[in-house]
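To start, the structure under review is shown below, and the notes come after it.
The values are calculated or read from the model by the stated rules, or taken from the named source; none is laboratory data. The structure presented is a predicted model; accordingly, all values stated were derived computationally and were not measured. In this analysis, Cβ positions are derived from the backbone assuming ideal geometry, glycine residues included, and neighbour counts consider all displayed protein chains.
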Amino acid sequence: MTLALPGLALPAAKLALSATASALGAVKKALTPDEQKIRKTADDFETMFLENMMSQVFPQESPEGPLGENGTGGGVYRGMLVNEYAKSVAKSGGIGISDTIYRQMLQMQERNNAG
């Protein structure tokens, strides 16, 4: 038999998320400066890829809706919104491109250092 306490579910979830964030922060701090640069480059590439991919979701010239082209403001807002969406997706784990690029760049660096 389990006892459900409705008021404790949210604090427990927040505690778990903060513990996970702390663990990820510790792992990132454990990287050497070169590995941190490679990780940042891989993360930036994934963000750029997601931004390009998501820009196709929003129609470029739509006179209706919240992103309608009312002069240049709509286009600027659309670009900023897509950029923030891409950053948010990449920050929350992305789609796996960053990890693959990171591993490939480390392998390339190891080969260059060995040769």
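Brief remarks on what is shown
- For region 71-115, the set of residues classified as among the aliphatic types (A, V, I, L, M) and without any contact (Cβ under 8 Å) to a residue 12 or more places away in the chain consists of VAL76, MET80, MET108, ALA114, listed by residue number.
- Close pairs (7 angstrom Cβ cut-off, 6 or more residues apart or separate chains): free of Cβ contacts under 8 Å to residues at least 40 places away in the same chain in region 41-55, part of a helix (DSSP H, G or I) and crowded, with 18+ Cβ neighbours inside 10 Å anywhere: GLU51/VAL82; GLU51/ALA86; MET54/VAL82; MET54/ALA86; SER55/VAL82
- Within region 21-39, considering residues that are at pLDDT 90 or above and closer than 17 Å to GLY96 by Cβ, the one farthest from the chain's Cα centre (by Cα): ILE38
- Some residue of region 74-93 being modelled with pLDDT under 90, charged (D, E, K, R), surrounded by 15 or more Cβ atoms within 10 Å (Cβ to Cβ) and assigned to a loop (DSSP other than H, G, I, E, B): no
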